[in-house]
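Undergrad: Below is one structure. I have some questions about it.
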Amino acid sequence: MIQMLRDLLLFFRRDLRIASSYRSPFVLELIEALFGAATFYYVARFVDSPQLREALPQGTSYFTYSLVGFVFFDYLHAALDSFDKTLEEARDSGTLEPLLVTQVSLPVVLIGSSVYPFALTTLRVAVYLGWGAALFGFPLGSANWLAVVVVLAATLLSFSGLGIFSSAYLLLFKRGNPSKWFFLGISSLVGGMLFPVSILPGWLQIVAHLNPVTYALDAMRAALLDGAGLATIARPLLILLLFAVVLLPTSIGVFSWALQRTKITGTLSHR
Amino acid sequence: MPPGVICVCGREEQASLFSCGRQAINTGVSDSAIIIDRLEKSFPRAYSGWRALLQPFAAPSLAALQGISLQVRAGEAVALLGVNGAGKSTLLRVLATLLIPTRGRALVAGFDCAREPAAVRRNFGYHAGSDLGFYARLTGRENLGFFGHLNHLSDSFLKTRIPALAERFELGDALDRQVRTLSSGTIQRLSLLRALLHQPKVLLLDEPTRSLDALAAADFRRFLKAEVLQRQGTSLLFASHTLPEIEILADRVAILKDGNLVALDSPESLKAKCGAQSLEQAFSVLTGHDARALEEPAS
């Protein structure tokens, strides 16, 4: 376990070094986050109405609701992108085979390579919320940070399962996974990113409840905006963990099988 | 046994060595570092269009290795010689656990490449013959440190080992420059250094001097012969198209043709048995190929 954590840290340090060799994106992302937070603030002011306030959870403004939905949806993007990107970059740069002949397994390589994108997403989320709190009154003071951290961990675990499934597809078929884009599209519609699931037609609400994004955003909003503790958010949190328990081992199993297939067909490093 | 094979161990001998392979090696009864037993590897045809979706499930039909059996003893250097497509790289990639054989078995340091890949990986160093395989925006030292740590080498070991090898490979300031600024020859030296970093028992090198200039290639061969093979007793299986290199490094030469092993013997014995003046002539006699075919650029 300690060795695995060390291995994961190696990948984080590698990606940090590579990213810091570019520099400017860090500054640009800070500025982009400011514009992003401001956009949500002004959209929220524009669309504010009694009907909207009725549809939102009690005491929540549309600005805080949509900002949390938007920034935490980024974790889904990071999960679905980082594993694929890791695999594609390793294949294109020729580092995939040197990685595979080390003593670290490919699932660890994949998970390790997602640590930095997740850390970067967390930083981006913090900057967005920071701008929101500093300039537009986002209520950071009411958050239950322990619950936020636990929800975040459960979110990362369940979303990682989806990302690993996607990279298994990429390993086998060499091109981007169309179901990834379908999943992103359906999640942005029914996941509760910009509007509550309760305003959707009944059948779409059923789809929403089969999607981990719905539970992740529910639990995160409750912990961050209402200061809800672990007991209060137990239901969405447990469902999220259930997704993780099912998705993670299944996706790693599917990925390992896909890797075996590519070693049989000799297409491991094919593009 | 394929017709025309010279001095390949008999099947019975192979089978008995193989059946006791792992125990024998672990107990020191056998000194084989690599045992390859009736190894076959076939690939499926490449599909395009919508049929590409079936590619991962296609049946293997193109034979790259057709029942190869050979051993490499501890401390021995064996060269793989053959024209492009003869199966040299495929054989090395099976041993490096990057391919799973269709039939037959391969053991490295007593561990089965298909069933115990993690154990196999602890025991070999692999150079793929390409000048890719590094992170372009990291320095040579950062790259080597990263891969060294992935082989669970300690910080303190790497801090002494990397500069020592870099000095021996005359890498100079290349170690502290981003890889994207290095020549392909320098990157190839880094790649060879990476293969040697964890002092493996077995070295698998695919065209180790392909991108090196003549001086660097000669220096590398001297280092490999004196330090790695003779002093450390590392076993070496390497593919090469450079006949003088093979004569300098190899104790025995395995000549491959169309995925078959057609000869396995010392360079001198091969020449004597074929009545040839040179290894080039012996190669032509044994394979029917003009030895100039060896110099064709890789496809």
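Undergrad: Mind checking whether some residue in the stretch B:204-213 is of a type in the set (A, V, I, L, M, F, W, C), out of contact with any Cys (no Cβ under 7 Å at 6 or more places or on another chain) and free of Cβ contacts under 8 Å to residues at least 40 places away in the same chain? Quick ask: steps written out before the conclusion?
TA: The initial filter retains those residues of the stretch B:204-213 that are of a type in the set (A, V, I, L, M, F, W, C), namely B:204-205, B:212.
Right, trim to out of contact with any Cys (no Cβ under 7 Å at 6 or more places or on another chain) and you get B:204-205, B:212.
Going one step further and asking which of them are free of Cβ contacts under 8 Å to residues at least 40 places away in the same chain, we end up with B:212.
Among the residues of the stretch B:204-213, at least one is of a type in the set (A, V, I, L, M, F, W, C), out of contact with any Cys (no Cβ under 7 Å at 6 or more places or on another chain) and free of Cβ contacts under 8 Å to residues at least 40 places away in the same chain, which makes the answer yes.
Undergrad: Across the stretch A:22-48, what is the total count of residues that are under 30 Å from B:G140 (Cα atoms) and away from chain B (no Cβ under 11 Å)?
TA: Step one: list which residues in the stretch A:22-48 are under 30 Å from B:G140 (Cα atoms), which gives A:22-29.
Narrowing the set further to residues that are away from chain B (no Cβ under 11 Å) leaves A:23-29.
Going through the stretch A:22-48 one residue at a time, the tally reaches 7.
Undergrad: How about the stretch A:49-129: which helices (runs of 4 or more DSSP H) wholly inside it have at least 1 residues that are within 14 Å of chain B (Cβ to nearest Cβ)?
TA: Numbers: elements: A:50-55, A:62-93, A:96-100.
Because the criterion is at least 1 residues that are within 14 Å of chain B (Cβ to nearest Cβ), the helices (runs of 4 or more DSSP H) in the stretch A:49-129 that meet it are A:62-93, A:96-100.
Undergrad: Are any residues in the stretch A:1-21 of a type in the set (S, T, N, Q) and more than 9 Å from chain B (Cβ to nearest Cβ), and if so, which ones?
TA: Initial filter on the stretch A:1-21 (of a type in the set (S, T, N, Q)): A:3, A:20-21.
Answer for the stretch A:1-21, where residues must be of a type in the set (S, T, N, Q) and more than 9 Å from chain B (Cβ to nearest Cβ): just A:S20.
Undergrad: Name the residues in the stretch B:96-110 that are crowded, with 23+ Cβ neighbours inside 10 Å and either of a type in the set (F, W, Y) or farther than 14 Å from B:L204 by Cβ (or both), would you?
TA: B:P101
Residues are listed down the side, and each one gets a yes or a no for (1) in a helix (DSSP H, G or I); (2) surrounded by 15 or more Cβ atoms within 10 Å (Cβ to Cβ):
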residue: B:P208; (1), (2): no, yes
residue: B:F220; (1), (2): yes, yes
residue: B:L224; (1), (2): yes, yes
residue: B:V253; (1), (2): no, yes
residue: B:A263; (1), (2): no, yes
residue: B:A272; (1), (2): yes, no
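Undergrad: Also: Does B:Q66 fit the bill of being modelled with pLDDT under 90 and more than 30 Å from B:V228 (Cβ to Cβ)? Steps first, answer last, please.
TA: Numbers: modelled with pLDDT under 90: no; more than 30 Å from B:V228 (Cβ to Cβ): yes.
It is false that B:Q66 is modelled with pLDDT under 90 and more than 30 Å from B:V228 (Cβ to Cβ).
Undergrad: From B:R93, B:R38, B:R73, which residue is surrounded by 17 or more Cβ atoms within 10 Å (Cβ to Cβ), more than 14 Å from chain A (Cβ to nearest Cβ) and among the basic types (K, R)? Lay out the reasoning, then the answer.
TA: On the way: B:R93 fails: more than 14 Å from chain A (Cβ to nearest Cβ); B:R73 fails: surrounded by 17 or more Cβ atoms within 10 Å (Cβ to Cβ).
On inspection, the qualifying residue turns out to be B:R38.
Undergrad: Same structure, new question: Considering only the stretch B:100-115, state which residues are touching a helix residue (DSSP H, G or I) at 6+ places or on another chain (Cβ under 9 Å) and without any contact (Cβ under 8 Å) to a residue 60 or more places away in the chain.
TA: B:I100, B:C113, B:A114
Undergrad: To continue, here is another question. Quick check on the stretch B:229-238. Is at least one of its residues of a type outside the set (A, V, I, L, M, F, W, C), surrounded by fewer than 17 Cβ atoms within 10 Å (Cβ to Cβ), modelled with pLDDT under 90 and under 23 Å from B:L132 (Cβ atoms)?
TA: no
Undergrad: Also, quick follow-up: Please determine whether any residue of the stretch B:246-256 is of a type in the set (A, V, I, L, M), touching a Gly at 6+ places or on another chain (Cβ under 6 Å) and more than 25 Å from B:L158 (Cβ to Cβ). Before the answer, list the steps.
TA: Here is the first cut: in the stretch B:246-256, the ones of a type in the set (A, V, I, L, M) are B:246, B:248-250, B:253-256.
Adding the requirement that they be touching a Gly at 6+ places or on another chain (Cβ under 6 Å) leaves B:256.
Cutting the leftovers down to more than 25 Å from B:L158 (Cβ to Cβ) gives us B:256.
Yes: the stretch B:246-256 contains one or more residues that are of a type in the set (A, V, I, L, M), touching a Gly at 6+ places or on another chain (Cβ under 6 Å) and more than 25 Å from B:L158 (Cβ to Cβ).
Undergrad: Would you confirm whether or not the stretch B:140-156 contains a residue that is farther than 21 Å from B:V228 by Cβ, in a loop (DSSP other than H, G, I, E, B) and more than 8 Å from chain A (Cβ to nearest Cβ)?
TA: Looking for residues that are farther than 21 Å from B:V228 by Cβ, in a loop (DSSP other than H, G, I, E, B) and more than 8 Å from chain A (Cβ to nearest Cβ), one finds at least one in the stretch B:140-156, hence yes.
The values are calculated or read from the model by the stated rules, or taken from the named source; none is laboratory data. These numbers come from a predicted model, not from an experiment. Using ideal geometry, Cβ is built from the backbone for each residue, glycine included, and neighbour counts are taken over all protein chains shown.
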